[in-house]
1. Take the residues in the range B:76-99 that are closer than 21 Å to residue B:33 by Cα and touching a strand residue (DSSP E or B) at 6+ places or on another chain (Cβ under 6 Å); name whichever of them is nearest to the other protein chains (Cβ to nearest Cβ).
2. (1) in a helix (DSSP H, G or I); (2) within 14 Å of chain B (Cβ to nearest Cβ): which one isn't true of residue A:181, the others all being true?
3. Taking only the range A:124-175 into account, find how many residues are surrounded by fewer than 19 Cβ atoms within 10 Å (Cβ to Cβ) and within 11 Å of chain B (Cβ to nearest Cβ).
4. Given the range A:296-361, what helices (runs of 4 or more DSSP H) lie entirely inside it while holding 1 or more residues that are touching a helix residue (DSSP H, G or I) at 6+ places or on another chain (Cβ under 6 Å) and at pLDDT below 85?
5. Return the residues of the range B:139-159 that are away from chain A (no Cβ under 14 Å), part of a helix (DSSP H, G or I) and either modelled with pLDDT under 95 or surrounded by fewer than 24 Cβ atoms within 10 Å (Cβ to Cβ) (or both); say none if nothing qualifies.
6. Might you check whether a residue that is within 14 Å of chain A (Cβ to nearest Cβ) and touching a residue at least 40 places away in the same chain (Cβ under 8 Å) occurs anywhere in the range B:193-205?
7. I'd like to check which strands (runs of 3 or more DSSP E) are fully inside the range B:270-354 and have at least 3 residues that are farther than 30 Å from residue B:227 by Cα and under 22 Å from the mean Cα position of the chain (by Cα).
8. Restricted to the range A:244-271, and to residues that are more than 30 Å from residue A:107 (Cα to Cα) and touching a residue at least 12 places away in the same chain (Cβ under 8 Å), which residue is farthest from the chain's Cα centre (by Cα)?
């Protein structure tokens, strides 16, 4: 018979192996789903996972696009992961992303149409500050009134969306195009444009920022006292408190870092690939980043790989729709499977399956 | 040198796309093809293109494409895969269409309800839906008993505001006591929100619902509440036969077939058209028996008059909401005014959100 046995320690091997296994299982289950839809599964999987990188027709265009799509995911997820490690759950990165974008764009629109080298750096500071500020609401409510940061940060996403709509329709609306919501196109305002740093590579300041954030987060978590406190608070909260770690301080720091990084991601998006403040600006990066953080095992290096993988499924998913007429919903199911399999597999990180002979008395 | 390249690109763009055996046509959609509204009608037209040309055409589409970077990427990938003609079927794709079009001067772009034409290979097309709104406004004005009409609106853009004004003017013309309540859902397709909006409007006393959103949810809510409603974009009568009076149909197929043929024959040129009932781009779902016979006859009469060019739904005297005159007696609205409309007409009590 089959028996489950709790491991004394979580298995290191399965922690690392599970994400890879989850990807493999997703390919198999996804392939079966595509076959049931009457599409050739091999072609579908190839279109989603390989063609964006290796295809001669698309590769030179989609490789840079992969960076553009993955950079905000990685930037947000790195911040979220620090909090998640300490059991501080910022679910509202989407809202901080929106507010960061509004702060950044606000600075740009205030200076329009002046030139000036200082405008873009100011936008970066404003974007990070906006995200930080929005994350401080759940942080302060938690430390002062012991509210649940999951609920508060999540509900603030909807508030941020309303503010975004109001801005696109009112204060930030482009006065030159009558009647339509949406701000000026920042891609056409040189001092504010987050352009590609090297043409054709997809590398803009957001990609650079994501890289810096990954390095800093890695150094902090492995070398710095704060990283140690974060880990301790997550694994042994009582011990952490006896060890002098202030839970309130940790809440403020973790939400602040993740908010500022999400705000930065929003700012780099609105001044570059997104281009405009518009009602539909938020496209779910803040939520997808949660998947990225877990798929990457809350580890900065893992998050880079997970972010690239999720970015790949987006771009490949579009190719799959275009070339094979896969339904858009099938692509979303496919992305959902990835998280589902990972969570299911994580079971064996903590438990082992034993086959024993005969019935036990 | 740069100038030379630009000139070369321009002349390439002006020369008609190359005649090929199989023409590849791509479509990008803002919603899902199963919405039974806006996107569904575009996809029906895509299927009509396939039926018309058979093997001589190859179509592809991507649904749920967000404005901005995603739209730009999808259109670029379509262009890279050898697509000859791309239909971008939502107004917000404007900047993205023009960015990609500049990069691919040999690909023809058709942008629905667009307003930006910065590249010589970007054509714009739109339908005069306000003509249809006038007809359903008339029916609503005649049929409401509570004198309250509920209007589910998507985004406060000229297209939607124009529709509200047109429907209101024609309801008011036959029923001076009529009131319009407008709820903005800030989405083109969100069944849950649309249903909630319909419920709120019914609670406020509306006994007829109009929608400028794409799901069938408001119709089913109306049927459950025992009141009437109008469909949107496609014939939605099957979803709520006891509530569905008629609906404005988006008929894109004839235009799409004509444009694909132009590309095949090498005669495609960027245009800017605004087609109405007379061109067949605006149609009507069958008028339900729920509409009294005389009202049905009046509605048919109005459709015929608009099609014949005898009647323009925006004919003066019309004042703006604040009482300032807009159109003088007998004056008809210039297209430019309509396409940038950001005001309600006199009599509507709500405010346009901003």
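1. Looking at the filtered set, the residue picked out is B:78.
2. So residue A:181 meets the others, but not (1).
3. So the answer is 6.
4. Fully inside the range A:296-361 and qualifying: A:328-345, A:347-350.
5. Hits for the range B:139-159 are B:142, B:143.
6. No, the range B:193-205 contains no residue that is within 14 Å of chain A (Cβ to nearest Cβ) and touching a residue at least 40 places away in the same chain (Cβ under 8 Å).
7. Those strands (runs of 3 or more DSSP E) span B:272-275.
8. A:245
The values are calculated or read from the model by the stated rules, or taken from the named source; none is laboratory data. All figures in this text were calculated on a predicted structure; none of them were measured in a lab. Backbone-built Cβ (ideal geometry, glycine too); neighbour counts: all protein chains shown.
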